[in-house]
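Read through the structure below, which is laid out as C-alpha cells, and then see the notes.
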Amino acid sequence: MNETEVLALVLAGLAGGVIGLFFFGGLWWTVRKGVSAQQPVLWFFGSMVLRMCVALAGFYIVSNRHLDRLMFCLLGFFLARIIVTRLTRDAVKTACLAEKVSHAP
C-alpha cells in the first residue's frame, strides 16, 4: 500500500464523518422541529428522503467502486453517529436541567 492509497482511505474516512454529521445532525434537527410542526409527516418524510439521498450519493462518490474506500467511509459515518449522539445527549440533559430549575417553587 503506497502513500496515495493511504491518503485516499483517510480522506474517505473523513468524508464519511462529514456525511454522518450531516445525516445524524439533520435527524436531530428534524426531530426537534418536527414534533412541534403542524404537519410533522412532511418534515420527517422530507428529511428522510433528503438525508438518504445525500448519504447514498456521498457513499457512491467517495467509494469510486473501491470496497476499501467504502468501508472507511462507513467507519467515519458511524463514528460521526457516536459523536452526534454524545453531543445531543449533553444538550438534552442541559435543557432538562434548566427546565427543572426554572420550574422550581
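The residue pairs whose first member lies in the range 6-19 and is free of Cβ contacts under 8 Å to residues at least 12 places away in the same chain and within 10 Å of residue 68 (Cα to Cα), whose second member is of a type in the set (D, E, K, R) and crowded, with 18+ Cβ neighbours inside 10 Å, and whose beta carbons are closer than 8 Å, counting only pairs six or more residues apart or on different chains, do not exist in this structure. Reported count of residues in the range 64-92, each being farther than 16 Å from residue 6 by Cβ, modelled with pLDDT of 95 or more and among the small types (Gly, Ala, Ser), is 1.
Residues satisfying the criterion are absent from the range 15-35 (criterion: over 16 Å from the mean Cα position of the chain (by Cα), part of a helix (DSSP H, G or I) and modelled with pLDDT of 95 or more). Applying the set (1) touching a residue at least 24 places away in the same chain (Cβ under 8 Å); (2) under 26 Å from residue 4 (Cα atoms) to residue 56 leaves exactly one unmet item: (1).
Scanning the range 47-66 for residues that are under 16 Å from the mean Cα position of the chain (by Cα) and either surrounded by fewer than 17 Cβ atoms within 10 Å (Cβ to Cβ) or acidic (Asp, Glu) (or both) yields 48, 49, 50, 52, 53, 54, 56, 57.
Every condition in (1) modelled with pLDDT under 95; (2) in a helix (DSSP H, G or I) holds for residue 38 except the one numbered (2).
The values are calculated or read from the model by the stated rules, or taken from the named source; none is laboratory data. Here the structure is a predicted model, which is why all the values come from computation and not from measurement. Heads up, the Cβs are rebuilt from the backbone with ideal geometry, glycines too, and the neighbour counts pull from every protein chain shown.
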